Amino acid sequence: MHEMALMGDILQLVQEDAVGKGMDKIEKVELIVGEIANAMPDALRMAFDLLRDQNLHFFSVHAELVIHREEAKAICVLCGEKYKPEQKIALCPICHIPSGKVVAGETFQVLSYEGSNGR
Amino acid sequence: MKVTLRTDVLTNNNKAAEFNRELFQNTKTLVMNLMSSPGAGKTTLLEETVRVLAGKYRIAVIEGDLATERDADRIRAMGARAVQINTHGGCHLDARMVAAALGELDLDEIDILFIENVGNLVCPSGYDLGQKHKVAVLSVPEGNDKIPKYPQMFMRTELVLLNKLDLLPYLDFSVEEAKRDLAEINPKSNLLPLSARTQEGMHEWFFWIEGAYLKWLQQ
């Protein structure tokens, strides 16, 4: 359960940027969370709700979190097959050799936020 | 007003990791980040490693734990410098915690630094600490399903130490299966079966460390 720590980092990144742009109320935060980025959307949502409620001086009580999932993808370096890596991440389903490389699904980004100046 | 950031969530951690990495490079300190589930035997393995290698290399250990100084005390008893980081419930070490702990070590006087992460196969894998090598420790009693169950850890480590090999006769663990599972997740990773308690296979680990150290000095 490191999602609390991650959400703390996310809100800090948003807050620093928003303060620099003269905003004082955040309404929405959008994330890209890859399927193999090692963060669970449900736990992130829970952490967001908790931290938002503790920081209502900067986050609107209705502030929402939107999570976009990035699908995990791998490509076999031998046959070029694109496949969805499951447990056996490197195992190409065609060649049956661990010749696959992960090309997507590890992204974990703050995509955007929406805020305003309430004063 | 909508602002597009596209900033990596771990940006601040990664900045601290780069800071650490530069420090390690400037002081020629080889750093290994050891990760495992609780009870895999990381501290015992490090005790033995320090005991054998301390005559040849100047070794230090950063111990990450939820609470207590116990692990650091065990390492100090073997004659190495040890700094304890208590995460106060936090499930992993991050690069900032390591940067803070480095203040207690004179890196110019250290050849090899081991960072013993908090026992956990999930959270520590995503955090770059600035280390040169990520090493996972797995133990025979944990069973064969650890590698396929935690692919996100094993895809990011380059060496897996399979500890407690002395218990193999009593348990249904297949070393061959573990090697196959690991190869299917991360073909670049090696698996070294060993026992910190009986010393079996430990020389392979020491050999690996010495090779890594020579390579590190040459780069």
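Give the long-range amide H neighbours of B:Ile115: residues separated by 5 or more places, or on another chain, with amide H under 5 Å away, using H modelled in the peptide plane at 1.01 Å from N.
Hits under the 5 Å cutoff: B:Met32, B:Asn33, B:Leu34, B:Ile62.
Just to be sure I understand the curve: with the Debye formula and one point per C-alpha of the protein assembly as shown, what is log10 I(q)/I(0) at q = 0.08, 0.11, 0.14 Å⁻¹?
-0.43, -0.79, -1.17
Residue by residue through A:84-93, how many Cβ atoms from other chains fall within 10 Å of the Cβ on average?
Mean shielding count: 5.
Please state, rounded to one decimal and in Å, the Kirkwood hydrodynamic radius that chain B gives when every pair of distinct Cα atoms enters the mean of 1/r.
Numbers: mean 1/r = 0.0562 Å⁻¹.
After inverting the pairwise mean of 1/r, the radius is 17.8 Å.
Compute the distance from the alpha-carbon center of region B:18-60 to that of region A:42-70, in whole Å.
So the separation of the two Cα centres works out to 38 Å.
For A:Lys21, list the lysines whose Cα falls under 16 Å from its own Cα; do not include residues on the same chain fewer than 8 positions away.
B:Lys2
Order B:111-120, B:70-79 from most to least packed using the mean count of other Cβ atoms within 10 Å.
Going by the mean number of other Cβ atoms within 10 Å, highest first, we get B:111-120, B:70-79.
Of the candidates B:Thr198, B:Thr157, B:Thr29, which one comes out as most mobile in a Gaussian network treatment of chain B with C-alpha springs shorter than 10 Å?
Evaluated over chain B, the most mobile residue of the options is B:Thr198.
What does the charge count near B:Arg70 come to, summing +1 for each Lys or Arg and -1 for each Asp or Glu among other residues with Cβ under 14 Å from its Cβ?
Details: positive: B:Lys42, B:Arg74, B:Arg76; negative: B:Glu47, B:Glu63, B:Asp65, B:Glu69, B:Asp71, B:Asp73, B:Glu116.
Residues close to B:Arg70 contribute a combined charge of -4.
Collect residues whose amide H, placed 1.01 Å from N in the peptide plane, falls under 5 Å from the amide H of A:Glu64; neighbours closer than 5 in sequence don't count.
A:Lys28, A:Val29
Could you tell me the total accessible area buried at the A-B interface, probe 1.4 Å, in square angstrom to the nearest hundred?
Summing both chains' loss of accessible area gives about 2800 Å².
What whole-number value in Å² describes the accessible area per residue of chain A for a 1.4 Å probe?
On the way: 5870 Å² over 119 residues.
On a per-residue basis, 49 Å².
Give me the percent of accessible area attributable to carbon and sulfur for region B:11-218, probe 1.4 angstrom.
Solvent-exposed carbon and sulfur of region B:11-218 make up 51 percent of the total.
Let me confirm one metric for peptide B:4-17, namely the mean number of other chain beta-carbon atoms within 10 Å of its residues' beta-carbons. If you can, show how the numbers build up before the last one.
Working: counts 5, 12, 6, 8, 7, 15, 7, 5, 4, 3, 0, 0, 0, 0.
Per residue, the number of nearby Cβ atoms from other chains is 5 on average.
Within the set of other residues whose C-beta is less than 10 Å from the C-beta of B:Leu113, count the net charge using Lys and Arg as +1 and Asp and Glu as -1.
Values: positive: B:Arg58, B:Arg81, B:Lys132; negative: B:Asp111.
With Lys, Arg at +1 and Asp, Glu at -1, the net is +2.
Read phi for every residue in region A:33-40 and hand back ³J(HN,Hα) as whole Hz from Karplus 6.51 cos²θ - 1.76 cosθ + 1.60, θ = phi - 60°, with x for Gly and Pro.
Listing the rounded values in order: 10, x, 5, 10, 8, 6, 9, 9 Hz.
Could you give the size of the charge dipole of chain A about its Cα centre, using +1 on the Cβ of each K and R and -1 on the Cβ of each D and E, expressed in debye and rounded to the nearest 20?
300 debye
For a quick size check, give me the Cα extents of region B:100-190 along its three principal axes, largest first, whole Å.
45, 26, 21
Evaluate peptide B:152-161: per residue, the Cβ atoms of other protein chains within 10 Å of its Cβ; return the mean as an integer.
2
Quick one: how many Å² of A:Val33 are accessible to a 1.4 Å probe, rounded to 10?
A:Val33 exposes around 0 Å² with every protein chain in place.
Taking a probe of 1.4 angstrom, what is the accessible area of B:Phe19 in Å², to the nearest 10?
Its heavy atoms expose roughly 120 Å² to the probe.
Could you rank B:Leu46, A:Leu111 by how accessible they are, 1.4 Å probe, largest area first? It would help to have the intermediate numbers written out before the result.
On the way: B:Leu46 0, A:Leu111 30 Å².
Highest to lowest solvent-accessible surface, that is A:Leu111, B:Leu46.
I want to check the label-to-label distance for A:Met46 and B:Thr68. Put each point 7 Å from Cα in the C-beta direction and report it in nm to one decimal.
2.6 nm
Taking a ≥ b ≥ c as the square roots of the eigenvalues of the Cα gyration tensor of chain A, is the shape rounded (a/c under 1.5), prolate (a/b larger than b/c) or oblate?
Prolate shape, in that a/c is at least 1.5 and a/b is the bigger ratio.
Which residues' amide hydrogens lie under 5 Å from the amide hydrogen of B:Val137, considering only partners 5 or more residues apart or on another chain, with H built in the peptide plane?
Residues meeting the criterion, in which the H sits 1.01 Å from N, are B:Met35, B:Ser36, B:Leu161.
Need one value: the accessible area of B:Leu191 in square angstrom, 1.4 angstrom probe, rounded to the nearest 10.
20 Å²
Take the residue pairs A:Lys73/B:Lys28; A:Lys84/B:Lys164; A:Lys73/B:Lys149; A:Lys82/B:Lys188 and return only those whose Cα atoms are more than 29 Å apart. Before the final figure, lay out the partial values.
Details: A:Lys73/B:Lys28 37 Å; A:Lys84/B:Lys164 34 Å; A:Lys73/B:Lys149 18 Å; A:Lys82/B:Lys188 20 Å.
Correct reply: A:Lys73/B:Lys28; A:Lys84/B:Lys164.
How many Å² of accessible area per residue for chain B, probe 1.4 Å?
Numbers: 9450 Å² over 219 residues.
Computed with neighbouring chains in place, this is 43 Å² per residue.
At a cut-off of 10 Å², which residues of region B:88-113 become less accessible once all protein chains are present than in their chain alone, using a 1.4 Å probe?
Listed by number, the residues meeting the 10 Å² cut-off are B:Cys91, B:His92, B:Arg96.
For B:His92, A:His57, give the ranking by accessible area with the largest first, probe 1.4 Å.
The ranking, largest first, comes out as A:His57, B:His92.
Around B:Gly130, with a cut-off of 12 angstrom between Cβ atoms, what is the net charge of the other residues, counting Lys and Arg +1 and Asp and Glu -1?
+1
For chain A, find the longest principal axis of its Cα atoms and tell me its angle to the long axis of helix A:3-20, 0 to 90°, nearest 10.
Helix A:3-20 and the main axis of chain A meet at about 50 degrees.
Please report, ordered by residue number, every helix of chain B (full DSSP H runs) that is 30 Å or longer along its axis going by C-alpha atoms and whose mean Kyte-Doolittle hydropathy reaches 1.6.
Numbers: long enough: none.
Passing helices, by number: none.
The values are calculated or read from the model by the stated rules, or taken from the named source; none is laboratory data. Keep in mind that this is a model prediction, so the values were computed, not measured. Don't worry about glycine lacking a Cβ; one is built from the backbone with ideal geometry, like all the others, and counts go over all protein chains shown. Quick note on the areas: whole protein, heavy atoms, side chains included, nothing else; ligands and nucleic acids left out. Shrake-Rupley method; radii C 1.70, N 1.55, O 1.52, S 1.80 Å.
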